[in-house]
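Engineer: This is the structure, below, for whatever I ask next.
Since every read-out is calculated from the coordinates, none of them should be taken as a lab result. As the structure is a computational prediction, the values presented were derived from the model and not from experiment.
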């Protein structure tokens with residue numbers, strides 16, 4: 001049996017339940033790795049209003065990876081970062097890949113690469129000069145995944161408890 005083909009499209013509010021399940025799976029991974037930083041939500045992983053805002057915003061979107069049967073198996077949340085107020089910084093339009101999630105039972109099937117290619121196309125259509133993604137230090141697999149796609153390290157953020 002061959003793997004289903006994947007289509008990446010802009011998500012809609014009709015995808016809400018599938019998107020929340022993907023966000024929750026991603027959040028659980030972070031909660032297990034860093035319980036000192038991440039906790040459970042009191043309600044759904046993301047509110048309908050929050051997802052609706054990202055979908056309606058001119059500088060944001062959620063891309064959905066969908067199998068032949070319509071099952072949403074991955075997402076990419078893209079946000080336009082505000083320009084830096086620092087006068088010494090070269091002006092750039094940056095799209096932030098805020099979240100990328102693929103269902104655990106669908107990983108290593110190329111779905112993440114489909115989402116990244118669609119992310120690049122969407123970002124270029126927005127006039128972006130750069131795409132950035134933050135990766136937690138514990139998530140070495142994600143870092144390797146992004147580096148294989150062409151992302152390079154730009155800054156390391158160090159944290160210390162006060």
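Engineer: Share of Cα-Cα pairs in the range 39-129 beyond 17 Å, in percent?
Structural biologist: Beyond 17 Å sits 58 percent of the P(r) for the range 39-129.
Engineer: Next question, about the same structure. For a quick size check, give me the Cα extents of the range 1-87 along its three principal axes, largest first, whole Å.
Structural biologist: Each principal axis gives a Cα extent; for the range 1-87 these are 54, 33, 24 Å.
Engineer: Going by Cα centres, the range 87-162 and the range 22-72 are how many Å apart?
Structural biologist: After rounding, the separation between the Cα centres reads 16 Å.
Engineer: Based solely on its DSSP helices, what 222 nm [θ] is calculated for the chain when runs of n ≥ 4 H residues each add -39,500 (n - 2.57) and the sum is averaged over all residues, nearest 500 deg cm²/dmol? List each step's numbers first, then the result.
Structural biologist: On the way: 4 runs with 52 residues, N = 162.
Using -39500 (n - 2.57) per qualifying helix, the result is -10000 deg cm²/dmol.
Engineer: Kirkwood Rh over Cα pairs of the chain into Stokes-Einstein at 4 °C, 1.567 mPa s: D in µm²/s? Could the numbers behind the result be given before it?
Structural biologist: Numbers: Rh = 16.9 Å.
Using the Kirkwood radius from Cα pairs, D works out to 76 µm²/s.
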